[in-house]
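Okay, so here's the structure we're looking at.
The values are calculated or read from the model by the stated rules, or taken from the named source; none is laboratory data. Owing to the predicted nature of the structure, the values given are computational and were not obtained by experimental measurement. Every residue, glycine as well, gets a Cβ built from its backbone with ideal geometry; the counts of neighbours run over all protein chains shown.
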């Protein structure tokens, strides 16, 4: 039951009348070795229900014990998000019935989150946006349901459902923004940039791989519209489990258009959860609830309060790595690139590739030239991520080294890259197989130079007379004769030497 | 077989049985078999047990005998039989909590208490009857039928741990484990003429104790003598890393306190609130006689005012149901236990609802509904929130009292054992049975009930409650043992010997 995009106003039409307000809730699965409240392992891809125990199965009598590493990760995330860290906070039970939740309550945090009042600066549309963070709190993941049969793949209408509790109890951090206002037409882009920046941050902290395709990071996007020039927030929808950066952007874009259509028709937006559809970029309503959900939160009596000492928090602050924003600024300065070029590098996902290539000895400008030039073009043509191309930073660094050593010129280097991408082996192997080495035998070059001088006596005479302009004609002839495999700089050197003696 | 027990091993105390086994006067197997025989003979009348694990018990007893034969050191309770309340998990042994919803469930793991009992070489005879999920004061709320009081089979044995208390009074076991959320160890002890202790909250691990109300539940020892209770207390208490609310401190030396058995120089406070109207005359007369006796034994007795205790019952009936509404949510037919209505047509929510409708009894449903309501948005502050405030006031009353006295005393419960069926239709009357025991659960400190005689009007046992500050459980045993010794001297024998033969 997806809303047809045909009947919706265009994005520009929607933005001409309304101001979007967003709220983003991101769940991150921590990469701890064991679960949040028991000692079960957390590895991905194990046989269903093999990584379980009485506690994460919620068996009668079982009790939770907090994973200290998860608390540490939560505090580090909070600090990296410029949050205050609670001096004392508690877990709370969020009560609702669902088969993938073994206890029929989720141990979470309610009005006492571990971290609160922070912000994250993100770059989008050529400027910096400060996204205010409401809170970051700890909770446990649910099991994973697979609904078999039925048309929708959801629990209603399914023939039967299977539940895998391996995921139940894996530590989650939920990071909730304050309402994001003022992004206007850039709202979808800002949403995407926020999630991307958060992912970078989580990875830099080493607390999770934050792979969205594996569900290690999941985003719920809340959106509402208000008529331009008004203050009061409209009714919001919550699009659940938007699981890629591109989907975040698309889901927000679609919801802006859908809300505008509802409001334009004089109808009221229904406060509801919605599902995003990757195939056509639309959303559809989740289950319609007759009453507002009442989770009956209360403090978890099976756990004692968490009271991180200020000394510990300070110590953890000291373990924070260089955060992505600061790192980008440093790299931009090191590489000496403009804001615009840096943005292109970021958009292409080339930062880490360039850093790694440079770390293997390549000059920064050379590394950047290849990744942002030839390779970016290829990635674009093939519609893959830059990092997914079949070439490694080490191979690019090798090509740069061969060029610097004069063994390849630019044209040959391009052919070597092409060979590596075609799976012909390492740069050295491609050079050997394709016979691409620069002609560096001065004897061979001098013979070609003499032929060129003989072929173009007028040009040679002018150079002899001190006019270097026509030297290009002679060099071109030499390059042609050597089928491009000569080092042009060496040819020039030898030519001038020949004509001055 | 030894003649030390006049030919009846089931009359022995745990301490005496352990000593006899250690000395080789009797084998653990003989002791276990004697108790299994006794159960076979009388449990049809009493119905203290829901499950008898004869095979497991005899195997454990044989292991103890083998240990002794190898010359290994035996612990202070090695080979002593015990009845385990059916609210603790025991690997491979049915654990129902007195509920249909868990019928047939065999847990894949041992509770910490169960593990400690095994490690101390106790012989677990079986699982005892209880009010469903420990909600009740009479064991009439068990889905498997009521337990009867050995003193009078037409009367209740208390609850929720009526199976445990009755098993002691019926000489089916010398020791039992109970749990006390609002009085479920102490009130059954009181009405069966036995000893029951609720240790300090966090003193005994709750891991594997199927939760009713997590912030109030506490496992503890039940016995026929104060020393036996102390020995069992020492065996099950102590820090458990699997229970976050477990206290990481040394267990008070309860056995030494029970052996010391004196109140010389102690200050004892009589709770002013637990006296007068609503209390059975015979309960009050026996209670006051016992207090006089404590004074004669050298204690200073003062009256203590604890005004917030008047609100304890109300606060309890908001907090306990609130927590239970959440704790019992997991019984949904999805993973274990009863499943009703799974006909291929009903959806998951229907199956959950039909199972809970069929699997829970009326009292459990009543409390789930109360708790769900009390936690609802818009009502939380008025109910759950203010109940927690009352809890704070009660803790302050205790703090004030314990600044002046070493222990507090009161009747354990306002009446002797009432008739089966008498209060089933009147929840409020039933709830009043826990009036005097609840403040201790709300404050998390320690309490004990010991028998102080029979009420003249009905000839039924009366219990006296002793309350000590958190982690001062040893004081219970000092006072309890002193009183027990003095009373036994006065009567010429332990009160339990007056229980009619079945």
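Being buried (at least 17 other Cβ atoms within 10 Å of the Cβ) and farther than 14 Å from residue B:123 by Cα is a condition met by at least one residue of segment B:56-69.
So how many residues does segment B:373-397 have that are touching a strand residue (DSSP E or B) at 6+ places or on another chain (Cβ under 8 Å) and assigned to a helix (DSSP H, G or I)?
2
When the criteria are applied in full, residue A:301 meets the requirement of being over 26 Å from residue A:207 (Cβ atoms), buried (at least 17 other Cβ atoms within 10 Å of the Cβ) and assigned by TED's automatic domain parsing to the domain that holds residue A:36.
The set of residues in segment A:60-74 being farther than 30 Å from residue A:318 by Cα and touching a helix residue (DSSP H, G or I) at 6+ places or on another chain (Cβ under 8 Å) consists of A:60 alone. Exactly one residue among B:260, B:267 is away from chain A (no Cβ under 14 Å), in contact with a strand residue (DSSP E or B) (Cβ under 7 Å, 6 or more places away or on another chain) and farther than 25 Å from residue A:302 by Cα, and that residue is B:267. Looking across segment B:181-203, just one residue is under 13 Å from the mean Cα position of the chain (by Cα) and within 13 Å of chain A (Cβ to nearest Cβ), and that is B:181. Restricted to segment A:59-178, the set of strands (runs of 3 or more DSSP E) holding at least 1 residues that are touching a residue at least 24 places away in the same chain (Cβ under 8 Å) and within 21 Å of the chain's Cα centre (by Cα) comprises A:115-124, A:127-140, A:171-177.
Can you tell me which residue among B:79, B:75 is closer than 25 Å to residue B:166 by Cβ, away from chain A (no Cβ under 14 Å) and in contact with a helix residue (DSSP H, G or I) (Cβ under 9 Å, 6 or more places away or on another chain)?
None of the other options fit; the residue is B:79.
Restricting A:466, A:406 to those that are assigned by TED's automatic domain parsing to the domain that holds residue A:493 and not in a helix (DSSP H, G or I) reduces the list to A:466. The sole residue among B:366, B:356, B:391 that is buried (at least 22 other Cβ atoms within 10 Å of the Cβ), more than 9 Å from chain A (Cβ to nearest Cβ) and either under 30 Å from residue B:423 (Cβ atoms) or touching a helix residue (DSSP H, G or I) at 6+ places or on another chain (Cβ under 6 Å) (or both) is B:391. Considering segment B:473-490, the residues that are touching a strand residue (DSSP E or B) at 6+ places or on another chain (Cβ under 7 Å) and surrounded by fewer than 24 Cβ atoms within 10 Å (Cβ to Cβ) include one that is nearest to residue B:393 (Cα to Cα), namely B:475. Do we have residue B:288 as surrounded by fewer than 20 Cβ atoms within 10 Å (Cβ to Cβ) and either within 14 Å of chain A (Cβ to nearest Cβ) or under 30 Å from residue A:38 (Cβ atoms) (or both) here? When the stated conditions are applied, residue B:288 does not pass them.
The residue list A:190, A:248 contains one member that is under 19 Å from residue A:134 (Cα atoms), part of a helix (DSSP H, G or I) and away from every other protein chain (no Cβ under 14 Å), which is A:190. Select from segment B:75-93 the residues that are closer than 15 Å to residue B:231 by Cα and surrounded by fewer than 20 Cβ atoms within 10 Å (Cβ to Cβ) and list them in ascending order. B:75, B:76, listed by residue number.
Return the only residue of A:10, A:50 being in contact (Cβ under 8 Å) with a residue 12 or more places away in the chain and either under 30 Å from the mean Cα position of the chain (by Cα) or under 17 Å from residue B:242 (Cα atoms) (or both).
One residue alone meets the criteria, A:10.
Number of residues in segment B:312-350 that are farther than 23 Å from residue B:94 by Cβ and either touching a residue at least 12 places away in the same chain (Cβ under 8 Å) or more than 8 Å from chain A (Cβ to nearest Cβ) (or both): the value is 21. Residue A:424: part of a loop (DSSP other than H, G, I, E, B), at pLDDT 85 or above and surrounded by 14 or more Cβ atoms within 10 Å (Cβ to Cβ), yes or no? Yes.
Being surrounded by fewer than 21 Cβ atoms within 10 Å (Cβ to Cβ), modelled with pLDDT under 95 and either on the phi > 0 side of the Ramachandran plot or touching a strand residue (DSSP E or B) at 6+ places or on another chain (Cβ under 9 Å) (or both): is that true of residue A:43 here? Considered against the rule, which asks whether it is surrounded by fewer than 21 Cβ atoms within 10 Å (Cβ to Cβ), modelled with pLDDT under 95 and either on the phi > 0 side of the Ramachandran plot or touching a strand residue (DSSP E or B) at 6+ places or on another chain (Cβ under 9 Å) (or both), residue A:43 comes out as no.
Table: residues versus (1) at pLDDT 85 or above; (2) at negative phi; (3) out of contact with any strand residue (DSSP E or B) (no Cβ under 9 Å at 6 or more places or on another chain).
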{"position": "A:413", "(1), (2), (3)": "yes, yes, yes"}
{"position": "A:445", "(1), (2), (3)": "no, yes, no"}
{"position": "A:464", "(1), (2), (3)": "yes, yes, yes"}
{"position": "A:469", "(1), (2), (3)": "no, yes, yes"}
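Of the candidates A:239, A:253, A:235, A:273, the single residue that is assigned by TED's automatic domain parsing to the domain that holds residue A:155 and in a loop (DSSP other than H, G, I, E, B) is A:235. Would you confirm whether or not segment B:106-129 contains a residue that is at pLDDT 95 or above, away from every other protein chain (no Cβ under 14 Å), crowded, with 24+ Cβ neighbours inside 10 Å and more than 30 Å from residue B:417 (Cβ to Cβ)? Checked segment B:106-129: at least one residue is at pLDDT 95 or above, away from every other protein chain (no Cβ under 14 Å), crowded, with 24+ Cβ neighbours inside 10 Å and more than 30 Å from residue B:417 (Cβ to Cβ).
Residue count for segment B:369-378 satisfying the condition of being facing another protein chain (nearest Cβ under 7 Å) and surrounded by 22 or more Cβ atoms within 10 Å (Cβ to Cβ): 1. Any residue that is away from chain B (no Cβ under 14 Å), touching a helix residue (DSSP H, G or I) at 6+ places or on another chain (Cβ under 7 Å), surrounded by 17 or more Cβ atoms within 10 Å (Cβ to Cβ) and closer than 30 Å to residue A:86 by Cα - is there at least one of those in segment A:160-173? Yes, some residue in segment A:160-173 is away from chain B (no Cβ under 14 Å), touching a helix residue (DSSP H, G or I) at 6+ places or on another chain (Cβ under 7 Å), surrounded by 17 or more Cβ atoms within 10 Å (Cβ to Cβ) and closer than 30 Å to residue A:86 by Cα. Residue-level check: of (1) touching a residue at least 40 places away in the same chain (Cβ under 8 Å); (2) at the interface with chain B (Cβ under 10 Å from one of its Cβ atoms); (3) over 30 Å from residue A:316 (Cβ atoms), residue A:38 misses just (3). When residue A:387 is tested against (1) in a helix (DSSP H, G or I); (2) over 30 Å from residue A:421 (Cβ atoms), just one condition goes unmet, and that condition is (2). For segment B:423-432, filtered to residues that are touching a residue at least 24 places away in the same chain (Cβ under 8 Å) and surrounded by fewer than 20 Cβ atoms within 10 Å (Cβ to Cβ), the residue that is nearest to the other protein chains (Cβ to nearest Cβ) is B:431. Exactly one residue out of A:307, A:333 is within 14 Å of chain B (Cβ to nearest Cβ) and either closer than 18 Å to residue A:199 by Cα or surrounded by fewer than 12 Cβ atoms within 10 Å (Cβ to Cβ) (or both): that is A:307.
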